[in-house]
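Trainee: Have a look at the structure that comes next, please.
The values are calculated or read from the model by the stated rules, or taken from the named source; none is laboratory data. None of these values were measured; they are calculated from a predicted model. For neighbour counting, all protein chains shown are included, and Cβ atoms are generated from backbone atoms with ideal geometry for every residue, glycine included. Just so you know, the surface numbers come from the protein's heavy atoms only, side chains and all, with ligands and any DNA or RNA stripped out. Shrake-Rupley method; radii C 1.70, N 1.55, O 1.52, S 1.80 Å.
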Amino acid sequence: MFTDMMTPTLRLGVTGLSRAGKTIFITALIRNLVSGGRLPFFLPEAEGRIERAYLEPQPDDAVPRFDYEGHLAALSRDPPDWPESTRRLSQLRVTIEYRSESALRRAFGISRLHLDVVDYPGEWLIDLPLLNMSYDAWCAEAVAQATAPRRQAHSTAWRTFLETANPNAPQDEQIALRGAQLFGDYLRAARADDHVLHTTGPGRFLLPGDLEGSPLLTFCPLALGDARYGRGSLAAMMARRFESYKSHVVKPFFRDHFSRLDRQIVLVDVLGPLNEGGDAIVDLERALEAVLSVFRTGSANWFSALFTRRIDKLLFAATKADHIHSSSHDRLEAILRVITDRAMGRAAETGAEVGVQALAALRATREAEAKVDGELLPCIVGVPMPGERIAGKVFDGRAQAAVFPGDLPANPRDALKRDAAPAGLHFVRFRPPRLLPPGGDGESPPLPNIRLDRALDFLLSDWLA
Ligand code: GDP
């Protein structure tokens, strides 16, 4: 194994809020690497220096493997289907063999790089601030949030529970179970209504991963007010479990996974909230602010004291760019830049090189022009998912449609105004593209994408120099 010890490992984190596009991004990234996809802006590939890339057993036995083959199988069905989304942390190793740019290194033969791709829910990052928060402070914040206008309806049952749950009553497992269940139900319902829900977490109540049903999640905030609670009380029990959650769930995640990442891509579905208009974009910003606080050096110095941090490149990517015409791709990038600038705080120092891109890891549409009232409009053509509606017509998942998705505004700030109507924007979900059968050489053609090569170039090229 001497040679393997010499092979460097690059750990790439892929995160984003639920349904941002993590599963698709990783599946497409791996497929393009291992099948030698056409990636003209990924320099090592464009220069023909990549000899081959292949999957290897991932080195961490305790971590689930990313189900690459299962996801490809879903995409290969007839008709093709989107695979299941990320629900927990998983990992996959791709080994890349390449010829170095350096004559000296070339003299030693082919170089190798292990790329460990780590997929994890962005929701788990919102737990970081909990490490610095007492149970009492968390209760105050969570109770206040539950009464916010957009959540009131979802939190009614939990707030009724709070009225009866006396913090000073003797500790009681059944009450704790009931409170945790109602609190979890409320967070998940609010989230289902609003994908970019901003919350103080805990992140595992939204996406429990392997902790589904675990006693580590049997706690919830209580309406403490000014109450002082003593030993053996319900509140003391909840506070103890809150601390256990931090030490057994939050800290290990940051220590064993997050702080070992070298590079990070954060995927953001900007188009969904833009489509909804109004508060949705403001919510997205707030949710990202919570998620991204972990990348800020200034406000999270105590984080650096707890864990070493080594991410030196951070890429924000607006996903699903195949929902708009290519003439709007730069605009989508500009909108994401404004959102992330604000979410990170203008003056924030990340200590990392930050990039912003729009991409579609798996392109489900093609472009066309349609003549409407004598005017040529740039359209996208694809197969809308069953049940999608366009101008009153309900699609069956097989018929093609040409859609004029609308233009994104030239000034990104116009798109982000709270009262911005989703003027003229119209996005529908499309079926994934049909995977083409293997060619004469037995190799399957790579997956179509938009700007995936630029993302790979930003994230990987210097390690393949
Ligand atoms: P995750 O929760 O972050 O893992 O999200 P997924 O990768 O499962 O993506 C969620 C959904 O977004 C998919 O089921 C697709 O409908 C859609 N999606 C993701 N990436 C793309 C893309 O590149 N193009 C298109 N058209 N849709 C995408």
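Trainee: Is region 396-404 home to any residue that is assigned to a strand (DSSP E or B), within 29 Å of Thr23 (Cβ to Cβ) and at pLDDT 95 or above?
Mentor: Within region 396-404, not a single residue is assigned to a strand (DSSP E or B), within 29 Å of Thr23 (Cβ to Cβ) and at pLDDT 95 or above.
Trainee: So, one more: Among the residues of region 316-330, write down those that are away from the ligand (no atom under 15 Å from the Cβ) and either crowded, with 24+ Cβ neighbours inside 10 Å or touching a residue at least 60 places away in the same chain (Cβ under 8 Å) (or both).
Mentor: Answer for region 316-330, where residues must be away from the ligand (no atom under 15 Å from the Cβ) and either crowded, with 24+ Cβ neighbours inside 10 Å or touching a residue at least 60 places away in the same chain (Cβ under 8 Å) (or both): just Ser327.
Trainee: Continuing with this model, one more query. Restricting region 357-391 to residues that are part of a loop (DSSP other than H, G, I, E, B) and among the β-branched types (Val, Ile, Thr), which is nearest to His325 (Cα to Cα)?
Mentor: Here the residue is Thr365.
Trainee: For residues that are of a type in the set (A, V, I, L, M) and within 25 Å of Ser111 (Cβ to Cβ), scanning just region 51-85, find the one that is least open to solvent (accessible area, probe 1.4 Å).
Mentor: Per the stated criteria, the residue is Ala53.
Trainee: Let me ask another. Which residue, of Gly48, Gly36, is in contact with a strand residue (DSSP E or B) (Cβ under 8 Å, 6 or more places away or on another chain) and not β-branched (Val, Ile, Thr)?
Mentor: The conditions single out Gly36.
Rundown of residues vs (1) of a type in the set (D, E, K, R); (2) within 16 Å of the ligand (Cβ to nearest atom), yes/no style:
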{"position": "Thr7", "(1), (2)": "no, no"}
{"position": "Leu10", "(1), (2)": "no, no"}
{"position": "Ala28", "(1), (2)": "no, yes"}
{"position": "Phe41", "(1), (2)": "no, no"}
{"position": "Glu47", "(1), (2)": "yes, no"}
{"position": "Glu51", "(1), (2)": "yes, no"}
{"position": "Leu89", "(1), (2)": "no, yes"}
{"position": "Arg93", "(1), (2)": "yes, no"}
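Per-residue answers, yes or no, for (1) modelled with pLDDT of 85 or more; (2) assigned by TED's automatic domain parsing to the domain that holds Arg151; (3) under 25 Å from Trp158 (Cα atoms); (4) within 16 Å of the ligand (Cβ to nearest atom):
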| residue | (1), (2), (3), (4) |
| --- | --- |
| Tyr229 | yes, yes, yes, no |
| Leu261 | yes, no, no, no |
| Leu271 | yes, no, no, yes |
| Asn301 | no, no, no, no |
| Arg310 | no, no, no, no |
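Trainee: Among the helices (runs of 4 or more DSSP H) contained in region 151-241, which hold 2 or more residues that are open to solvent by 50 Å² or more (accessible area, probe 1.4 Å), farther than 30 Å from Val282 by Cα and out of contact with any His (no Cβ under 8 Å at 6 or more places or on another chain)?
Mentor: 152-164, 173-193
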